[in-house]
Amino acid sequence: MDNFKIIIVEDVPLELKGTEGLVKTEIPEAEIVGTAQNELDFWRLINTNQPDLVLLDLGLGGSTTVGVEICRECKQKYPNVKIIIFTGEILNEKLWVDVMDAGCDGISLKSGELLTRNDVISVMKGKKMVFNQPIMDKIVARYKRSVNMEMMRGDALINYDIDEYDERFLRHLALGYTKEQITGLRGMPFGVKSLEKRQNELVRKLFPSGNFGIGINATRLVTRACELRIIDIDNLQPDED
């Protein structure tokens, strides 16, 4: 790997010193051409000494959003400059999403396995979305949970004999539509009486043992459909009218 220039943006002196030491020890190809402790210093530095890589902390001067804005503007002004977020914002996952949307090339959390040479070299070679082990663990856990939920939903549709119209009916009930409004949806060829019959049939399917003698209204039916993952509550969108 050829040598490359790097700017480190970190506002905590002790952490800045530690990051510099980490880069010098673990990434000999990286030449630190400057460091910045705030946004003003960063722009002054990058405008006079453009690097190949910016190692950017998200929290600067007590703000968790400055780093996101620096990332976004830097990518707009200098699209060829790589940006790795090196952050202690371990729990604020919304910031990770924001900085990915802003165009960062990777995120390395300041926990567990820290910034590694392999991660940095991968970014410098053009790989996108490079994450260190702590954030990868979280991403994989979310992915596995998402896949399992999809499998549960598929199984529920089969096991409870739910067809397309049942799903649409339940989903729109969950969204607060009345039966009259549902009959007006495009591709929903049922009148109110037919929907009432369908609702009774769904009650029978989803509550095969009854409900301890308690009547089951639309709200309880929808709740049961959510519990069984028949309705995807993470993607609860109405059809086009």
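The values are calculated or read from the model by the stated rules, or taken from the named source; none is laboratory data. All of these numbers come straight from a predicted model, not from anything done at the bench. Glycine gets a Cβ as well: all are built from the backbone with ideal geometry, and neighbour counts include every protein chain shown. Quick note on the areas: whole protein, heavy atoms, side chains included, nothing else; ligands and nucleic acids left out. Shrake-Rupley method; radii C 1.70, N 1.55, O 1.52, S 1.80 Å.
Extension gain GLU150-ASP163, at 0.36 nm per residue separation less the Cα-Cα distance, in nm? Numbers along the way, then the final one.
Numbers: separation 13, 0.36 × 13 = 4.68 nm, distance 1.63 nm.
Between GLU150 and ASP163, full extension yields an extra 3.1 nm.
Modelled spin labels at THR64 and LYS5, positioned 7 Å past Cα toward Cβ, are 3.4 nm from each other. When the surface is traced with a 1.4 Å probe over the full set of protein chains, LEU53 keeps roughly 0 Å² accessible. Shown for the stretch 18-90 is the translational diffusion coefficient from the Stokes-Einstein equation, using the Kirkwood radius over Cα pairs, a temperature of 20 °C and a viscosity of 1.002 mPa s: 167 µm²/s. Expressed per residue, the C-alpha convex hull volume of the stretch 1-141 stands at 98 Å³. The mean sequence distance of close C-alpha pairs (under 8 Å, at least 6 residues apart), as a share of the length of the stretch 61-147, puts its relative contact order at 26 percent.
Using Cα-Cα distances under 8 Å and only pairs 6 or more residues apart, what relative contact order does the chain have, in percent?
13
Based on DSSP H assignment, which helices of the chain show an axial Cα extent of at least 24 Å together with a mean Kyte-Doolittle hydropathy greater than or equal to -0.5? Membrane-span-like by this rule: 133-159.
Measuring with a 1.4 angstrom probe and ignoring ligands and nucleic acids, SER111 comes out at about 30 Å² accessible.
What the Cα atoms of the stretch 181-235 give is an Rg and a Dmax of 12.5, 37 Å. When Rg and the Kirkwood radius Rh are both evaluated on Cα atoms of the stretch 130-188, their ratio Rg/Rh stands at 1.24.
Using C-alpha pairs under 8 Å with a sequence gap of at least 6, the mean separation divided by the residue count of the stretch 121-241 gives a relative contact order of 34 percent. When you work out D = kT/(6 pi eta Rh) for the stretch 1-45 at 37 °C and 0.692 mPa s, using the Kirkwood radius from C-alpha pairs as Rh and the Stokes-Einstein form, the result is 301 µm²/s. Two decimals is fine: what is log10 I(q)/I(0) at q = 0.15, 0.17, 0.21, 0.22 Å⁻¹ for the stretch 105-227, from a Debye sum with one equal scatterer on every Cα and no solvent? Here log10 of I(q) over I(0) equals -0.74, -0.85, -1.18, -1.25. Atom-type composition of the exposed protein surface of the stretch 105-241 places 51 percent of the accessible area on carbon and sulfur (1.4 angstrom probe). With helices as the sole contributors, the chain gives -15500 deg cm²/dmol at 222 nm; each DSSP H run of n ≥ 4 counts as -39500 (n - 2.57), and the sum is divided by every residue. Please report the base-10 log of the normalised intensity I(q)/I(0) for the chain, using a Debye sum with one equal scatterer per alpha carbon and no solvent, at each q in 0.07 (1/Å). For the requested q values the scattering log ratios are -0.42.
Please give the per residue accessible area of the stretch 1-70, computed with a probe of 1.4 Å over protein heavy atoms only, in Å². Walk me through the intermediate numbers first.
Details: 3410 Å² over 70 residues.
Here the residues of the stretch 1-70 average 49 Å² of exposed surface.
Considering the stretch 63-151 at the alpha-carbon level, its Rg and Dmax are found to be 13.6, 44 Å. Report the residues of the stretch 33-53 in range of a label on LYS138: point 7 Å along Cα→C-beta, backbone N strictly under 18 Å from it. Flagged as within label range: none. For the stretch 90-156, the per residue solvent-accessible surface stands at 57 Å², with DNA, RNA and ligands left out and a 1.4 Å probe.
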